[in-house]
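Single-structure report; data block below.
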């Protein structure tokens, strides 16, 4: 009995000492579960798809979208007895593009261009975006005016834009208030910019005045019935400003053909010893519209430019006009202002997929007769140009496409002894990669 009593007493004593500790542990609250990692601690999101590459924070308040555009062109002139054009291969555009968002409401774009043997900045702007209906853009951007010019050249069914762009301002520096509402059914733009010559871009203001640009565009049936009218868009745009050129910067630019040959230019010192400069009010107006339904596409616009010019003691207000109408049809996909969309990507194994877009365009440029001969040399500058073009584009997918165009342009004037410049027959080809 005595041998068993001692171990029993030791065991009982151990249990009594351990009981309070066990009771204390039972009363302790359970430790809370591990909290969710903060947004900053979450890994970034990387997306790679046909739409491109995107790197963003977990809440998508910070986004980077590296993009790119590469266009390799061939330009050939047929029946060119006067050798006004040069047959050539060239890199038409080579643009690394960086789009992004900061803090969820500041968008930006940086787009240099290294095509055609030059290095320039095409776009460099920031967009303050408190809402879709109001944005403030600052920097260098496309002037909100010409419809075809506002369409990306990556999406245009033609390799080169129409004659209307000779009267349209291109890119400029300034401020733009813009936005849209009702899911994109209406859009507006109001801009204050340095002021571009017709058909050109500027890098700085050459005088103390600015241009005002305003544009409204509506797609009244977008997302509504009847469905076939959802692709109907109508708009109007105007610019107004005072422009005064100098001996080193005339404020005027030459006009070019579809084959990118100079077909009109104002007098310079090399012509007659006199120099023509912009001098006074510059007004532009363009009604514009497009219609897309299924595979069918239509785009049309008219541009009127009124420019005051001066040389020596002579002054005049010149009125130039241009217009175009282009129609297209997409086999194996849908037509849209954002370019042909194949129903499915091309598969090289089965040779199925992709889309073929065919298009035709008629366009014209009419220059004021009052420009000749006081402000332009009729032996070198045409007074009228009318052209017709056809285009075929095979889109393997949204990012790779091959195009072949033929354009014929007839001229009035522009040759010695009162003759007409020889017609231009331009065969254009393009291989395009975008991402």
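Coordinate-derived values only; no laboratory data. Please read these numbers as outputs of a predicted model, since none were measured by experiment. Glycine also receives a Cβ, built like all others from the backbone with ideal geometry; neighbour counts cover every protein chain displayed.
Odds and ends about this structure:
- Nearest-0.05 FRET efficiency for residue 203 and residue 312, computed from C-beta distance (R0 35 Å): 0.80
- Axis of helix 2-27 versus longest Cα principal axis of the chain: the two differ by about 30°, to the nearest ten degrees.
- Most mobile of 204, 278, 326 in a GNM of the chain (Cα contacts under 10 Å): 204
- Largest first and in whole Å, the equivalent-ellipsoid semi-axes of segment 179-316 read 38, 18, 11, each the square root of five times a Cα gyration tensor eigenvalue.
- Cα extents for segment 234-280 along the principal axes, largest to smallest and rounded to whole angstrom: 45, 31, 13.
- Projected onto their three principal axes, the Cα atoms of segment 120-238 cover extents of 49, 36, 23 Å, largest first.
- GNM top mover of 52, 289, 231 - the chain, alpha-carbon springs below 10 Å: 52
- Value of relative contact order over the chain, rounded to a whole percent, pairs C-alpha under 8 Å and six or more apart: 12
- Helical mean residue ellipticity (222 nm; -39500 (n - 2.57) per DSSP H run of 4+; nearest 500) of the chain: -2500 deg cm²/dmol
- Subtracting the Cα-Cα distance of residue 425 and residue 82 from their residue separation scaled by 0.36 nm leaves 122.3 nm.
- Most fluctuating residue given options 276, 382, 116, as computed from a GNM of the chain linking Cα atoms under 10 Å: 116
- Percent of C-alpha pairs per 10 Å bin, segment 150-214, short to long: 18, 40, 34, 8
- Cα gyration tensor category, rounded, prolate or oblate, for segment 277-410 with a/c compared to 1.5: prolate
- Kirkwood Rh (inverse of mean 1/r, distinct Cα pairs), the chain, angstrom: 25.2
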